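Here is the structure we will look at, set down as structure tokens.
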Amino acid sequence: MTAVASDTGFTISPKVGYVEANPMNNSIRSTEWMNEGNCRNFPPAVFFPADGAGVDRGRLICATCPVVSECLEYALAEHIDHGVWGGCSERERRRIAKRRRIEVRSASH
């Protein structure tokens, strides 16, 4: 099943419970955790909002999600640029990724 977030045109293919390979970062990861996500009970458009109020709605759903950490780590590892993942907006994920890159650089010096 493929869903399209109507307000962004972003396509989501929820192939849940499989192992995927990402040639961009040579990672192999399971996505079985997606079966437990609160987002499975809402239309994709909720997580791909056009405004800040929509982001808040997505965050509220994520706040009680049992797999919010896995979701955030997935979005960061896969460099997902759109939507609310792991309770964070695109901007928040960019800040987290930047902070982690700085921490890695600092630790290696």
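The values are calculated or read from the model by the stated rules, or taken from the named source; none is laboratory data. Model, not experiment: these values are computed from the prediction. Please note: Cβ atoms are built from the backbone with ideal geometry, for glycine as well, and neighbour counts cover all protein chains shown.
Among all residue pairs at least 6 apart or on different chains, which show Cβ distances below 9 Å where the first residue, located in region 49-64, is touching a residue at least 12 places away in the same chain (Cβ under 8 Å) and the second is β-branched (Val, Ile, Thr) and surrounded by fewer than 16 Cβ atoms within 10 Å (Cβ to Cβ)?
49/8; 50/8
State yes or no: is residue 35 more than 15 Å from residue 82 (Cα to Cα), at pLDDT 80 or above and not in a strand (DSSP E or B)?
Spelling it out, residue 35 is indeed more than 15 Å from residue 82 (Cα to Cα), at pLDDT 80 or above and not in a strand (DSSP E or B).
Can you tell me how many residues in region 54-109 are assigned to a helix (DSSP H, G or I), aliphatic (A, V, I, L, M), farther than 18 Å from residue 43 by Cβ and in contact with a helix residue (DSSP H, G or I) (Cβ under 7 Å, 6 or more places away or on another chain)?
5
Against the condition modelled with pLDDT of 95 or more, farther than 13 Å from residue 34 by Cβ and of a type outside the set (S, T, N, Q), how does residue 97 come out, does it pass?
yes
Need the failing condition index for residue 55 against (1) surrounded by 15 or more Cβ atoms within 10 Å (Cβ to Cβ); (2) in contact with a Phe, Trp or Tyr (Cβ under 8 Å, 6 or more places away or on another chain); (3) among the aliphatic types (A, V, I, L, M); (4) modelled with pLDDT under 95, just the number.
(2)
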